[in-house]
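K.L.:
I am attaching a structure below and will ask some questions about it afterwards.
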Protein chains: 2
Amino acid sequence: MAELVVLYKTPKDTAAFDKHYAETHIPIAKKLPGLKKYAVSTGPVGSPAGPSGIHLVAILTFNSVADIQAAFGSAEGKAAAGDVPKFATGGADLLIFDTKEV
Amino acid sequence: MAELVVLYKTPKDTAAFDKHYAETHIPIAKKLPGLKKYAVSTGPVGSPAGPSGIHLVAILTFNSVADIQAAFGSAEGKAAAGDVPKFATGGADLLIFDTKEV
């Protein structure tokens, strides 16, 4: 399998972020071609040292990195990427990788 | 469910990291109480802009954040945490959060 992990840094207005993410971004991102599973963090994103500076983590599962790249190139992928700046006012880091279970 | 995501930054010696991670760290971490699933990245960890600076991502799944905290407090958790500085010469960020599927 492969994962697209999105780390959303704490935005200026967390309530506005949460509303836009739930009502607008999830419905857009769920249309990504090849998406197998989509999980998001609920509640605080912590670290052993305390607050992480991350407001929300999204983990989108695909069959392969090639499928993630194809999703980014699709019309649905462009719509999802185009929506991010509308709510992710703290910025976001995206990580893309194949995985194996150990 | 809940996730413990470990982002290992690129170490000084990636071959030594990979050997220690596969041969020593995985067997230690697999003993964490409450661990339900353990996946690691294979190959490069990319980002849309190019290299991510992350060498390896580990995603450890538990039933809840409370279970992750209990695992950290266990003897097995202390052994796993104590092993990390032996190979993670680039440092590592840990993120802990409950999740829901959307």
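The values are calculated or read from the model by the stated rules, or taken from the named source; none is laboratory data. Everything quoted here is computed from the prediction, not taken from an experiment. As a convention, Cβ positions derive from the backbone with ideal geometry for all residues, glycine included, and neighbour counts pool all protein chains shown. We work out accessible area using only protein heavy atoms, side chains counted, and drop any ligands, DNA or RNA first. Shrake-Rupley method; radii C 1.70, N 1.55, O 1.52, S 1.80 Å.
K.L.:
Being outside any loop (DSSP other than H, G, I, E, B) and either in contact with a Leu (Cβ under 7 Å, 6 or more places away or on another chain) or open to solvent by 40 Å² or more (accessible area, probe 1.4 Å) (or both): is that true of B:Ala58 here?
P.N.:
Criteria not met by B:Ala58.
K.L.:
Could I ask something else about it? Looking at A:Tyr38, is it away from chain B (no Cβ under 11 Å), part of a strand (DSSP E or B) and under 14 Å from the mean Cα position of the chain (by Cα)?
P.N.:
No, not satisfied.
K.L.:
What are the residue pairs meeting all of these: first residue in region B:91-102, first residue more than 15 Å from A:Val6 (Cβ to Cβ) and open to solvent by less than 40 Å² (accessible area, probe 1.4 Å), second residue among the basic types (Lys, Arg) and at pLDDT 95 or above, Cβ atoms under 9 Å, and 6 or more apart or on different chains?
P.N.:
B:Gly91/B:Lys9; B:Ala92/B:Lys9
K.L.:
On to the next question. Among residues belonging to region B:19-35 that are in contact (Cβ under 8 Å) with a residue 24 or more places away in the chain and either assigned to a helix (DSSP H, G or I) or more than 27 Å from A:Val6 (Cβ to Cβ) (or both), point out the one that is farthest from the other protein chains (Cβ to nearest Cβ).
P.N.:
B:Pro33
K.L.:
Let me ask something else about it. What residue, among those in region B:41-55 that are assigned to a loop (DSSP other than H, G, I, E, B) and either touching a helix residue (DSSP H, G or I) at 6+ places or on another chain (Cβ under 7 Å) or facing chain A (nearest Cβ under 7 Å) (or both), is nearest to A:Glu101 (Cα to Cα)?
P.N.:
Ranking the candidates gives B:Ser52 first.
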